Amino acid sequence: MLVARAARLHRAYAAPLAGAAALCAALFATPAFADFRVCNATQSLVGVAIGYRAKAGWITEGWWHIEGSTCKTLIEGPLASRYYYLYAEDAERGGRWDGPVNMCVAEKEFKITGVADCLPRGFQRAGFQEYDTGEQASWMVQLTDEPAPAGPAAATPTGTQ
């Protein structure tokens, strides 16, 4: 008798509970975001610039200020380019994360089209590190105090699809 009663209760409540669980999952599900993020694993404030190829040509943008032990999204949404270029400066200790690809930057917030003739156009030239995202939808670079094992740049890239 007790088993039959438990079975009736299970049938009576199982369908509504399953429906409620599905509704909660749909309402509170976190959508997957695609973006290019930079995480600052140091304790210092870091200024970051990014470069990429767009329909209008080469673009460099900056400065994002990233506090120590935090991350910032530089490009929101699925990545449109395969290659991105990053340059960063430690605002407190004076170090930098750079690379061999020369692009234009400015003292204050900027968005510059073109990478040639930086100085004659009133900009500075900085060496950016190239990141091959492999056409993934998301990419993250982590800036660290220690140099990366593969070379002089102290940045560790990770990509996700």
Quiz item: Condition test on Leu79, is it touching a residue at least 40 places away in the same chain (Cβ under 8 Å), within 11 Å of the chain's Cα centre (by Cα) and in the same structural domain as Tyr131 (by TED's automatic domain parsing)?
Solution: yes
Self-check item: In region 59-115, the residues that are assigned to a strand (DSSP E or B), over 22 Å from Thr144 (Cβ atoms) and at pLDDT below 95
Solution: Glu76
Quiz item: If Arg8 passes every condition in (1) modelled with pLDDT under 90; (2) charged (D, E, K, R); (3) in contact with a strand residue (DSSP E or B) (Cβ under 6 Å, 6 or more places away or on another chain) but one, which one does it miss?
Solution: (3)
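Do the conditions hold for Ala106, that is, is it at negative phi and surrounded by 12 or more Cβ atoms within 10 Å (Cβ to Cβ)?
On the way: at negative phi: yes; surrounded by 12 or more Cβ atoms within 10 Å (Cβ to Cβ): yes.
Yes.
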Exercise. Collect the residues in region 36-67 that are surrounded by fewer than 16 Cβ atoms within 10 Å (Cβ to Cβ) and more than 13 Å from Gly95 (Cβ to Cβ), keeping them in residue-number order.
Key: Arg53, Ala54, Lys55, Ala56, Gly57, His65, Glu67
Quiz item: If the Cβ limit is 8 Å and pairs must be 6+ apart or interchain, which residue in region 104-120 that is within 17 Å of Ala56 (Cβ to Cβ) pairs with which residue that is part of a loop (DSSP other than H, G, I, E, B) and aromatic (Phe, Trp, Tyr)?
Solution: Cys104/Phe123; Phe110/Phe123; Ile112/Phe123
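The values are calculated or read from the model by the stated rules, or taken from the named source; none is laboratory data. All values derive from a computational prediction rather than experimental measurement. Reconstructed Cβ throughout: ideal geometry from the backbone, glycine too, with neighbour counts over all protein chains shown.
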